[in-house]
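First the structure, in the form of structure tokens, and then the observations on it.
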Amino acid sequence: MHQDNYTIGIDFGSDSVRALLINTDTGEELRSSVHYYKRWSEGKYCDASKNQFRQHPLDYIEGLTTTINNVLNNVVEEVRKNIVGIGVDTTGSTPVAVDKFGTPLALLDGFKDNPNAMFILWKDHTAVREAEEINDLCRRWKEDYSKYSGGIYSSEWFWAKILKISREDAMVYKAAHSWVEHCDWIPFLLTGCTDVLRMKRSRCAAGHKALWHASFGGLPPNDFFVALDPILDGLRDRMFTETYTSDIPAGNLSQKWAEKLGLSTNVVVAVGAFDAHMGAVGGQIEPHYLTKIIGTSTCDILVAEKTANARLVQGICGQVDGSVLPGMMGLEAGQSAFGDLYAWYRNLLAWPIKHVLANSTLIDRPKQNQIIEETVDAIITQLSEAASKEPIGSSGELTLDWMNGRRTPDANQYLKGAITGLNLGSTAPKIFRSLVESSCFGAKKIVDRFISEGIPIKGVIALGGVAKKSTFIMQMMADVLNMSIKVASSDQTCALGAGMFAATAAGIYDDVSQAVEKMGSGFDRIYIPNMQNVRAYQVLYEKYGDLCNTMETHIMKQI
């Protein structure tokens, strides 16, 4: 008699980790669990004013253990024993310094409270100068090693962060045998490996963020890194040459982790990848449909057929064979701030609520806390409703969405945001509307770059919290892009994609496309452009483009 099989998809986000238990035959999402990182939620090891964002590996380990045990708690034995695989996705580029055993330095004595020994989160922009040096060297070198990364290396990425920490912290530099991505370390941990040189590195992470390409023979040669800074001499030999797509097993669950989770050592752990790339698979990506994973930032993922004379798209986050779907070219772009933009404005408006109301003597403390929480939680919803009633462009407010720099097109983390056209009639909803418009205009800049570089886009697939919750933002996005947008039904597309890869690595399916067909959840909404709004937004978009040019020229003159 046929027995259903199951996988667990693990999705490490910026604030939390989620585990999802999935039926591989039907795609049914049986149970999920979320764990919010304790140290991160306390604001430890971060300094937003310096763009420093670090995460302790203990947050990851605790979250991994808690969420998997939660989804397996009280499941029938038949389900538990038929779990065949675990797939993992993480944010990225989020590297960490490790010893020769692959242990992050923050787990060793002497480094436990050192932010430089922790995972350097994707949105950490402390390595802007180092990224600039990498770009300068790539332009001068006989081979441009950034050409498969869009031609511009970012401070959000692997080598810029390694160089920054190596220069800044002598203790970390001396103790670091190698450096690894978060998405590579979790499978390594689960499979019980103890030799960092045997770690199976993600094609997705290496190709998009670490200057890896098969035509280079792997990473750039040692003399390139020595020319960048002699401090990197010899590190390449302690890194990697081969990379793997996520349909390949990283290994089997170790005895230690099998006992900790109540699972069998027969469980296959797939090679990891970045959250957006697995999310695109979970959202049933199709060739030439731009998949937008919309959260604190956006990641825009596209897959296209491989061709011998494929054009290199300038100013994106890379194009890598097999980084999304094995056998297809994966292209990545995105915005450094999207949901973060709205969260910043909410927090700005919430300051008096949190600090003035909190000191009121008219209300008791428990009631104060309830009112504050309820009010802050409702700000974005109420702003959206009020902003939706404002005519397009009639008030004059125009915003530039570079509050966290610009990821694509043409990465530049020196850039800053701006709100212009303010007057005495400007209100909170009007300003909020201009923020939403700017985030949609930033998305259109990415679409325009793909199209201008000869990459057609047939439509958009949207995933993530914003896509599921905000009809105001998503309809505006469809109008600005003048494209239909399909919203994936699953709330857990990243974890679902990880589960699809786990099913493939475990041999349930011959390839990922089969897993997508069987396990996909479909779409629950389609946004169609309103042509009257399309024309109105086009006028405003041209003004946004003028503001981009003005501010970029102004800011770069100041550097």
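The values are calculated or read from the model by the stated rules, or taken from the named source; none is laboratory data. For clarity, every value in this text was computed on a predicted model and none was experimentally measured. Note that we place each Cβ from the backbone using ideal geometry, even for glycine, and neighbour counts take in every protein chain shown. The protein model used for the area step is the full one, side chains on, heavy atoms only, and it has no ligands, DNA or RNA in it. Shrake-Rupley method; radii C 1.70, N 1.55, O 1.52, S 1.80 Å.
Summary of values
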read-out: Subset of the stretch 1-35 (residues that are open to solvent by 40 Å² or more (accessible area, probe 1.4 Å), in contact (Cβ under 8 Å) with a residue 24 or more places away in the chain and of a type outside the set (A, V, I, L, M, F, W, C)); value: 3, 4, 15, 18, 25, 26, 29, 31, 32
read-out: Residue identified as more than 21 Å from residue 334 (Cβ to Cβ) and touching a residue at least 12 places away in the same chain (Cβ under 8 Å) among 442, 405, 393; value: 393
read-out: Selection from the stretch 439-464 of residues that are polar (S, T, N, Q) and closer than 15 Å to residue 295 by Cβ; value: 439
read-out: Some residue of the stretch 153-163 being under 18 Å from residue 238 (Cα atoms), surrounded by fewer than 24 Cβ atoms within 10 Å (Cβ to Cβ) and not acidic (Asp, Glu); value: yes
read-out: Any chance residue 124 is in a loop (DSSP other than H, G, I, E, B), closer than 28 Å to residue 335 by Cα and open to solvent by less than 10 Å² (accessible area, probe 1.4 Å); value: yes
read-out: Out of 390, 397, sole residue that is more than 27 Å from the chain's Cα centre (by Cα), buried (at least 21 other Cβ atoms within 10 Å of the Cβ) and farther than 18 Å from residue 298 by Cα; value: 397
read-out: Some residue of the stretch 518-530 being in contact with a His (Cβ under 9 Å, 6 or more places away or on another chain), assigned to a loop (DSSP other than H, G, I, E, B) and open to solvent by 40 Å² or more (accessible area, probe 1.4 Å); value: no
read-out: Candidate set: the stretch 174-225, residues that are of a type in the set (Lys, Arg) and in contact (Cβ under 8 Å) with a residue 40 or more places away in the chain; chosen: the one surrounded by the most Cβ atoms within 10 Å (Cβ to Cβ); value: 209
read-out: All positions within the stretch 362-406 that are of a type in the set (Ser, Thr, Tyr), over 16 Å from residue 340 (Cβ atoms) and not in a loop (DSSP other than H, G, I, E, B); value: 375, 381, 384
read-out: Hey, residue 350 touching a Cys at 6+ places or on another chain (Cβ under 7 Å), modelled with pLDDT of 90 or more and not polar (S, T, N, Q) or not; value: no
read-out: Qualifying residue in the stretch 519-536 (condition: modelled with pLDDT of 95 or more and touching a Phe, Trp or Tyr at 6+ places or on another chain (Cβ under 8 Å)); value: no
read-out: Some residue of the stretch 251-266 being hydroxyl-bearing (Ser, Thr, Tyr) and within 20 Å of the chain's Cα centre (by Cα); value: no
read-out: Test: residue in the stretch 403-422 that is more than 27 Å from residue 155 (Cβ to Cβ) and either of a type in the set (Gly, Ala, Ser) or open to solvent by 20 Å² or more (accessible area, probe 1.4 Å) (or both); value: yes
read-out: Residue satisfying all of: in the stretch 489-517; assigned to a loop (DSSP other than H, G, I, E, B) and of a type outside the set (Gly, Ala, Ser); most open to solvent (accessible area, probe 1.4 Å) among these; value: 510
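Here is a yes/no grid of residues against (1) open to solvent by less than 10 Å² (accessible area, probe 1.4 Å); (2) modelled with pLDDT of 95 or more:
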{"residue": "428", "(1), (2)": "no, yes"}
{"residue": "432", "(1), (2)": "yes, yes"}
{"residue": "447", "(1), (2)": "yes, yes"}
{"residue": "454", "(1), (2)": "no, no"}
{"residue": "469", "(1), (2)": "no, no"}
{"residue": "472", "(1), (2)": "no, yes"}
{"residue": "484", "(1), (2)": "no, yes"}
{"residue": "487", "(1), (2)": "yes, yes"}
